[in-house]
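Enquirer: One structure, pasted below without further comment.
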Amino acid sequence: MLMLLASLVMVLAMTQTLLAQNMPNSFADLSEEVSPAVVNITTSTILNRKADALNVPQGSPFDDLFREFTDRNRGDTPQPERRGTALGSGFLISADGYVVTNNHVIKDADEIEIELRSGKKLTAVVVGTDPRTDLALLKVEADLPLPFVKFGNSDEMRVGDWVLAIGNPLGQGFSVSAGIVSARGRTLSGSYDDFIQTDAAINRGNSGGPLFNMKGEVVGVNTAILSPSGGSIGIGFSMASNVVSGVIDQLEKFGETRRGWLGVSIQNVSADISDAIGMEEARGALVTDVPDGPAADAGIEAGDVILSFDGSDVSDTRELVRLVADAPVGETVRVVVYRDNGTQTILVTLGRLEDALAARAEDETPPEDTPKAEVQGMTLDQLTPQYRERFMIEDEGAGVVILEVAEGSPAAEKGLRPGDVIVEVSQNPVTVPGEVLERIAAAKDAGRRSVLLLVRSGGSGRFVALALEE
């Protein structure tokens, strides 16, 4: 018995020793090594003085009164230019002055200034931006080579690994916080999201700053926090470096992104769908629509399940979107699809996503008579380029966008929310609100208690059985 107790004590002692070895005694050396490459960013923007005016409906009885009041108070004295400033973070990735930050840090800025750890200030210019991943690349000129850091492999990060965040939180200047990787593969709002979640303190002003591994490599760009108060509660999100490095390479080479484009609408394969079409397991991306484009030219059809893209297995729609986006424009790739109880390999020459979106925006002119509609607690309108930008909708294809959802309504109970796009009602495509009304009315006339909607949300599609109100 004594021998057993002694053995247990030795095992516990060894375990504690190993844990102590894995826990750093200090982050001071790492912080000292990488901090010189981290920069504070200050932006300046001219404020629109029209926004300061009182908002009075044109043609109202008070229109002339308020205009006279405003003019009298302004008089003939020229109004001084008013400027607003914002603070953020960034980091140098080359000795010749390339700086990575978040797009929202420098968006609409007239002037951008970076401050080095030494206190030296430099004017920056925008090389390129990518709103889809909220990244931006800046360039500064300096007399001497600048300190810089390199990207690491974010795919190697494991939940529980130590990380270090450095930035300019709340305008307090260079600040270091440490934590661990809390989760990986988080998504927030975009089709290309791949966030590392961390409990390292990230606050306003940390945006655009780097997240380091213990080797001093950048494994993420601090982008967002989840907080009811606006301050850090230990839930921060950093865009994974393997996404960042690819975007930044394109911005440096072309000043813009050049993502691959397959040209299909897709949804995840559920267990019911896989069973219905004879697949042994639920995997891949089910093609729901094939508009004119590379996939249609190559022979991919609606109902195909994409299992493999350019040699990489496809587990779901999110993975396919990223694989296609990372593939070179103009490259011919092998796409393996499941069709008719077997697999087929199809060669597809990829197009460029940005060109396809621009062409679609030009073609998307809404009909003159497409009024909004309200049904089942939803306010609906036709999907337009303006709504795509407002709700950050990146999926291809037409549909009817949900603008509002009434609390407690059948739509709210099913988890529908503003920005969701209704693609089909009762398995019939819809492009204007009137068609949604017609399909729902037809379902009621047929005595149905619910109607089936195909809804796109956050880059994926899902079917919703919406209860019909009496």
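Enquirer: Looking at the stretch 334-363, which of its residues are without any contact (Cβ under 8 Å) to a residue 60 or more places away in the chain, over 18 Å from residue 302 (Cβ atoms), in contact with a strand residue (DSSP E or B) (Cβ under 6 Å, 6 or more places away or on another chain) and surrounded by 12 or more Cβ atoms within 10 Å (Cβ to Cβ)?
Expert: 334, 349
Enquirer: Quick check on residue 245: is it closer than 23 Å to residue 38 by Cα, touching a Ser or Thr at 6+ places or on another chain (Cβ under 7 Å) and among the small types (Gly, Ala, Ser)?
Expert: Working: closer than 23 Å to residue 38 by Cα: yes; touching a Ser or Thr at 6+ places or on another chain (Cβ under 7 Å): no; among the small types (Gly, Ala, Ser): yes.
Against the criterion (closer than 23 Å to residue 38 by Cα, touching a Ser or Thr at 6+ places or on another chain (Cβ under 7 Å) and among the small types (Gly, Ala, Ser)), residue 245 does not qualify.
Enquirer: Of the residues 282, 276, which single one is among the hydrophobic types (A, V, I, L, M, F, W, C), without any contact (Cβ under 8 Å) to a residue 24 or more places away in the chain and part of a helix (DSSP H, G or I)?
Expert: Answer to the selection: 276.
Enquirer: Take residue 384 and decide whether it is surrounded by fewer than 21 Cβ atoms within 10 Å (Cβ to Cβ) and closer than 30 Å to residue 407 by Cα.
Expert: yes
Enquirer: May I pose another question? Output the residue which, of all residues in the stretch 390-435 that are acidic (Asp, Glu) and part of a helix (DSSP H, G or I), is surrounded by the most Cβ atoms within 10 Å (Cβ to Cβ).
Expert: Only one residue tops the list, namely 435.
Enquirer: When you scan the stretch 412-454, how many residues do you find that are farther than 19 Å from residue 371 by Cβ and touching a Gly at 6+ places or on another chain (Cβ under 7 Å)?
Expert: Number satisfying all stated conditions: 3.
Enquirer: Also, quick follow-up: Out of all the residues in the stretch 152-169, is one or more of a type in the set (Ser, Thr, Tyr), at pLDDT 95 or above and in the same structural domain as residue 225 (by TED's automatic domain parsing)?
Expert: Going residue by residue through the stretch 152-169, those that are of a type in the set (Ser, Thr, Tyr) are 154.
This time we only want the ones that are at pLDDT 95 or above, so: 154.
Now drop any that are not in the same structural domain as residue 225 (by TED's automatic domain parsing), which leaves 154.
Yes, there is a match, as at least one residue in the stretch 152-169 is of a type in the set (Ser, Thr, Tyr), at pLDDT 95 or above and in the same structural domain as residue 225 (by TED's automatic domain parsing).
Enquirer: Return yes when residue 399 is outside the structural domain of residue 265 (by TED's automatic domain parsing), touching a residue at least 24 places away in the same chain (Cβ under 8 Å) and of a type outside the set (A, V, I, L, M, F, W, C) and no when it is not.
Expert: When the stated conditions are applied, residue 399 passes them.
Enquirer: Picking from 269, 243, 221, 264, which residue would you name as being within 15 Å of the chain's Cα centre (by Cα) and closer than 21 Å to residue 320 by Cβ?
Expert: Numbers: 269 fails: within 15 Å of the chain's Cα centre (by Cα); 221 fails: closer than 21 Å to residue 320 by Cβ; 264 fails: within 15 Å of the chain's Cα centre (by Cα).
Going through 269, 243, 221, 264 in turn, just one is within 15 Å of the chain's Cα centre (by Cα) and closer than 21 Å to residue 320 by Cβ: 243.
Enquirer: Any idea how many residues of the stretch 207-251 are over 20 Å from residue 92 (Cα atoms), surrounded by 24 or more Cβ atoms within 10 Å (Cβ to Cβ) and of a type in the set (Ser, Thr, Tyr)?
Expert: So the count comes out to 0.
Enquirer: Just the residues that are touching a residue at least 24 places away in the same chain (Cβ under 8 Å), of a type in the set (A, V, I, L, M, F, W, C) and in contact with a strand residue (DSSP E or B) (Cβ under 8 Å, 6 or more places away or on another chain), please, taken from the stretch 295-317.
Expert: 295, 298, 300, 305, 306, 307, 309, 314, listed by residue number.
Enquirer: Still on this structure, please answer the following. Is it the case that some residue within the stretch 450-463 is at pLDDT 85 or above and farther than 27 Å from residue 193 by Cβ?
Expert: no
Enquirer: For the stretch 94-145, how many residues are surrounded by 23 or more Cβ atoms within 10 Å (Cβ to Cβ) and part of a loop (DSSP other than H, G, I, E, B)?
Expert: Total meeting the criteria: 2.
Enquirer: Okay, next question. Report whether or not residue 309 is outside the structural domain of residue 335 (by TED's automatic domain parsing) and of a type outside the set (Asp, Glu). I'd like the intermediate steps shown before the answer.
Expert: Details: outside the structural domain of residue 335 (by TED's automatic domain parsing): no; of a type outside the set (Asp, Glu): yes.
Considered against the rule, which asks whether it is outside the structural domain of residue 335 (by TED's automatic domain parsing) and of a type outside the set (Asp, Glu), residue 309 comes out as no.
Enquirer: Could you grab me the full set of residues in the stretch 213-268 that are assigned by TED's automatic domain parsing to the domain that holds residue 150, of a type in the set (S, T, N, Q) and in a strand (DSSP E or B)?
Expert: 222, 223, 238 - these are the residues of the stretch 213-268 that are assigned by TED's automatic domain parsing to the domain that holds residue 150, of a type in the set (S, T, N, Q) and in a strand (DSSP E or B).
Enquirer: Within the stretch 333-347, which residues are touching a Gly at 6+ places or on another chain (Cβ under 8 Å) and under 13 Å from residue 286 (Cα atoms)?
Expert: 338, 339 - these are the residues of the stretch 333-347 that are touching a Gly at 6+ places or on another chain (Cβ under 8 Å) and under 13 Å from residue 286 (Cα atoms).
The values are calculated or read from the model by the stated rules, or taken from the named source; none is laboratory data. Fair warning: this is a prediction, and the values are worked out from it, not measured in the lab. Neighbour counts run over all protein chains shown; Cβ positions are idealised from the backbone, glycine included.
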